[in-house]
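Structure, as structure tokens:
Values quoted throughout were computed directly from the atomic coordinates according to the rules given, and no laboratory measurement underlies them. Please read all numbers here as calculations on a predicted model, not as lab measurements. Every residue, glycine as well, gets a Cβ built from its backbone with ideal geometry; the counts of neighbours run over all protein chains shown.
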């Protein structure tokens, strides 16, 4: 398959928003818990908020943390910042103290936008404990959504000028293979070019309605679904919190035509009591993954006949390879399609870097519409400028990607990448933990986290204590579902004295 290389109508977020408002003024653009907007109404609300933000000193390059649940307010806040040439920094509503503290220290936002209630909770305590609501020199304060966004007092204004396509639009957090999550800058131009290609592969057209229940703070939302809708005149239909019955009702009520959901999301819908009693026949296309069973569930059980199989990562603007809505069932089920026209993809031998031919397994590497580099780090790229994904795959003779396995150190929990080293680092902060090793195991087809811990003293009650300890410092999906205690002398080692993690996994699994 050879794509037409369709350029988006503009190469910056404010440009594409203005274009959509002119081209599709009365077409539905956004549905959220707070209401609904046409493209003209969305543009007007974003511009009004941008003017108010400029009035307190937000301008070109200002980093603004957005700590909100899915909804109109999230979208309007982020777009308003980007229209000023500022950088939207989406913050996970699942994050806890230590994760928020890292964002404060490494991003140093100029403003925090939040609500008096965020996903049903008062965010005051967790924001105060992390220091994110008091981010230090240059910090203007916290803006709180109530009936409208209540702004803090202003300060010295940042430079006022419209963004350029090479300016940063987003800084996202993603789990790396080390204990510290990486911060990923994404640029206006590549964000929109890649989104144009993603929507084209799905066959999206003006007037389509895309259902989205995953958090907007992930790249799947803010670097994919949202800009895809802007580039294609498509409505973004948002759900806050994924309840299967509510999702089915929303899809039926709004007559959604595009579905964004991976295995755990799809299972919530098809296992919901109302499945079969709700009309979801409007669904036509969308994106999904990752296993053949999960893809079959979307196409055959949920009933989305033209849904696309995908491969991607935050560093590469969400998706890098996709099937097309026109592809055969075999191509959809057995591959992740061909590389998007915005990127290049190659397979190399991990040990030598030699580029491999069709049918040979190696590391997937990307170039083109990828992040210019991690914030504060040059890691992750080859000397000739390719992004090293760490994932293993192969290309067939038609250039279609077959994903084999992700980076061996990574876990995939409810569709979210989790670095074991990150959880290990938290465990090692506990005064009674001497050694900690984290890995995954599959239970009923889903990957769950297991922690093997060498601890001091008696372990009665320590499992519950460790779970509470992690939950206070990390998102709930990073809490191990099983904690196993072992003696230090039982930890297997290699001939060179290093921990043999493979052997440890085999020991724990019995």
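Observations
- Using a cutoff of 8 angstrom between alpha carbon atoms and counting only pairs six or more residues apart, the relative contact order for the range 228-370 works out to 15 percent.
- Footprinting exposure proxy for 442, 311 (fewest neighbouring C-beta atoms within 10 Å first): 442, 311
- Taking the convex hull of the alpha carbon positions in the range 309-405 and averaging its projected area over all directions gives 6.2 nm².
- Residues 94, 19, 211 arranged by fewest to most Cβ contacts within 10 Å: 94, 19, 211
- Ranking of 501, 182, 148, 295 by count of other Cβ atoms within 10 Å, fewest first: 148, 501, 182, 295
- For the range 459-493, backbone nitrogen atoms closer than 18 Å to the point 7 Å from residue 505 Cα along Cα-to-C-beta are found at 480-484, 491-493.
- Within the range 361-510, the ratio Rg/Rh, alpha carbon atoms throughout and Rh by Kirkwood, equals 1.03.
- Computed log10 I(q)/I(0) for the range 262-364 at 0.11, 0.13 Å⁻¹: -0.41, -0.55, from the Debye equation with unit scatterers placed on every C-alpha and solvent omitted.
- All-pairs Cα distance distribution in the range 230-287, expressed in whole percent, bin size 5 Å: 4, 19, 29, 31, 11, 4, 2, 0
- DSSP bridge pairs, the chain: antiparallel proportion in percent, nearest 5: 60
- Global form of the range 103-216, assessed from the alpha-carbon gyration tensor, a/c cut-off 1.5: prolate
- For residue 101 and residue 435, the FRET efficiency from 1/(1 + (r/R0)^6), where r spans their Cβ atoms and R0 equals 22 Å, is about 0.35.
- Mean Cα-pair separation over length for the chain, i.e. relative contact order, pairs under 8 Å, 6 or more apart, %: 12
- Once the mean of 1/r is taken over each pair of separate Cα atoms and inverted, the range 1-82 shows a Kirkwood hydrodynamic radius of 13.9 Å.
- Rg/Rh for the range 33-161 (Cα atoms only, Rh after Kirkwood) is 0.94.
- Between residue 277 and residue 128, the contour length at 0.36 nm per residue exceeds the Cα-Cα span by 49.2 nm.
- Residue 405 paired with residue 6, simple spin-label distance in nm, labels 7 Å along Cα-to-beta-carbon: 3.9
- Fully extending the segment from residue 476 to residue 246 would add 80.6 nm, taking 0.36 nm per residue of separation and subtracting the current Cα-Cα distance.
- With q set to 0.21, 0.22 Å⁻¹, the log10 of I(q)/I(0) for the range 216-321, from the Debye formula over equal scatterers at the Cα positions, is -1.22, -1.34.
- Value in Å of the Kirkwood radius, where the chain supplies the Cα pairs that are averaged: 23.7
- Once the Cα-Cα distance is subtracted from the 0.36 nm per residue extended length, the residue 292 to residue 147 segment shows a gain of 47.6 nm.
- Each part reduced to its alpha carbon centroid, the range 299-334 and the range 48-86 end up 32 Å apart.
- With kT/(6 pi eta Rh) evaluated at 4 °C and eta = 1.567 mPa s, and Rh the Kirkwood radius from Cα pairs, the range 435-510 diffuses with a coefficient of 97 µm²/s according to Stokes-Einstein.
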